[in-house]
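> My structure is below; once you've seen it, I'll send some questions.
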């Protein structure tokens, strides 16, 4: 199967960038609702509809949800790419429909999506509300879980640009996790199914992004939804969409999420997860915090009147201003940057730092500065 060709054929062209809201997806949902497969299953804190899309008549039941964190939209885009495929009336789409029953919540947190925040409108992280069930969105997800009785759960997220794959200097473009079901992080039959599925996905997607797949930390937290569902005996796979070079809109990363989804479905159709692949899973390097968006090396500064050659780093903040998302770079770390890397790196070659009369960078200030008089940097980038 040519995954690249499949993605190019079914990519949802109207969904671009990181700011994906209910307004972005409602027209698309109405477009594919030709058999009344889409329904509103509840309302958010701010009374926005939460949609469920159920399609298929197969024995393997998969529950997928995206944008539990409102500012994590990459997997939502990949889901709509998948929706286009499964509605294509091709032989492969018919194969998926006959083998699976999919229950999909494409945007669990529409309020957070609109506000571009991790939390919901009550400033609660829904992924820490699996036990308290204090929020309407959390209650909706649990009710669907209990009613649908999935064979697998796919918990779809984004992760920050700070993560790399171990010590490889490669970004964690995708990361996966089979969450623990207890404090000891034991392996039971349910968790092993998730482990085997991830190992299979990794073996396929590594062909497209070699060395750029990580394994998320499996510390147990029963308040997290994935850990709770694993505890309740349903194999659960955490997807984390991360950084790909020069792809801050994550329109390349969505492609690899799509690849991972399709690969997982093919593995399940082929029943290729019955043999233990725990060693293959464990050799996937763990995520490690090793990246900044920008790294500036060998910069001359004056600190307390003393000349010094140092390095500093800047990080983008995603700031929503009048319904437009901006990536604004701020200085985040000065000195002590050994074993850290920049997605974009500059060697200042001893050039003198200056900004508005100062010769020393300040934490939390915007990354607008000069090196000597020739080099100017605006919003982190050399201009």
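> How high is the FRET efficiency between residue 184 and residue 283 when r is their beta carbon distance and R₀ equals 30 Å, given to the nearest 0.05?
My answer for the efficiency is 0.90.
> If I model a spin label as a point 7 Å beyond the Cα along the Cα-Cβ vector, how far apart are those points for residue 8 and residue 43 in nm?
Between residue 8 and residue 43, the label points sit 4.6 nm apart.
> Just grab the label-to-label distance for residue 319 and residue 206, each label 7 Å out from Cα along the Cβ direction, in nm (one decimal).
A separation of 4.2 nm, rounded to one decimal place.
> Give, in nm to one decimal, the length gained when the segment between residue 26 and residue 123 is fully stretched (0.36 nm per residue of separation minus the Cα-Cα distance).
32.5 nm is the gain from fully extending residue 26 to residue 123.
> Give me the percent of DSSP beta bridges within region 291-382 that run antiparallel, rounded to the nearest 5.
80 percent
> Quick one: work out the % antiparallel among DSSP beta bridges in the chain, nearest 5.
Around 60 percent antiparallel, to the nearest 5.
> Next question, about the same structure. Please rank 191, 169, fewest neighbouring Cβ atoms within 10 Å first, as an exposure proxy.
Going from sparsest to densest Cβ surroundings: 169, 191.
> Related question: Taking only Cα atoms, what is the 0 to 90° angle, nearest 10, from helix 136-148's long axis to the longest principal axis of the chain?
Once rounded, the angle reads 40 degrees.
> Top mean-square fluctuation among 57, 31, 11, Gaussian network model of the chain, C-alpha springs under 10 Å?
Of 57, 31, 11, the most mobile in the Gaussian network model is 31.
> OK, next. Using Cβ contacts closer than 10 Å as the measure, can you line up 187, 107, 295, 349 from fewest to most?
Starting with the residue having the fewest Cβ neighbours, the order is 349, 187, 295, 107.
> Continuing with the same structure: Is it possible to state the helix-based mean residue ellipticity at 222 nm for the chain, with each DSSP H run of 4+ residues giving -39500 (n - 2.57), the sum divided by total residues, to the nearest 500 deg cm²/dmol? What is it?
Roughly -8500 deg cm²/dmol at 222 nm, from the helical runs in the chain.
> Give the shape of region 342-382 as rounded, prolate or oblate, defined through the alpha-carbon gyration tensor: a ≥ b ≥ c are the square roots of its eigenvalues, a/c under 1.5 means rounded, and otherwise the shape is prolate if a/b is larger than b/c and oblate if not.
oblate
> Could you calculate the contour length gain from residue 327 to residue 167, that is, 0.36 nm times the residue separation minus the distance between their Cα atoms, to one decimal place in nm?
Roughly 54.9 nm would be gained on extension.
> Further question: In nm, what is the difference between 0.36 nm times the number of residues separating residue 298 and residue 1 and their Cα-Cα distance?
Extra length from residue 298 to residue 1 when fully extended: 102.1 nm.
> Residue 219 versus residue 274, label points 7 Å from Cα toward the beta carbon: distance in nm?
So the label points at residue 219 and residue 274 sit 3.9 nm apart.
> Separate question: Kindly identify region 3-289 as rounded, prolate or oblate by the Cα gyration tensor criterion: order the square roots of the eigenvalues as a ≥ b ≥ c, call it rounded if a/c is under 1.5, otherwise compare a/b with b/c, prolate if a/b is larger, else oblate.
Rounded, since a/c falls under 1.5.
> Starting from the Cα gyration tensor of region 281-383, take the square roots of the eigenvalues, sort them a ≥ b ≥ c, and report rounded, prolate or oblate (rounded when a/c is under 1.5, otherwise prolate if a/b is larger than b/c, else oblate).
Since a/c reaches 1.5 but b/c is at least a/b, the shape of region 281-383 is classed as oblate.
> Whole angstrom only: what separates the Cα centroid of region 312-383 from the Cα centroid of region 146-186?
Taking the Cα centre of region 146-186 as reference, the centre of region 312-383 is 31 Å away.
> On to the next question. Please order 117, 161, 74 by the number of other Cβ within 10 Å, starting at the fewest.
Least crowded to most crowded, the residues run 117, 161, 74.
> Let me ask something additional. Please report the spacing between the Cα centers of region 195-248 and region 259-281 in Å, no decimals.
After rounding, the separation between the Cα centres reads 13 Å.
Quick note: the coordinates plus some simple rules give every number you see, no bench work behind them. Owing to the predicted nature of the structure, the values given are computational and were not obtained by experimental measurement. When we count neighbours, we look across all protein chains shown, and the Cβ atoms used for this are built from the backbone with ideal geometry, even at glycine.
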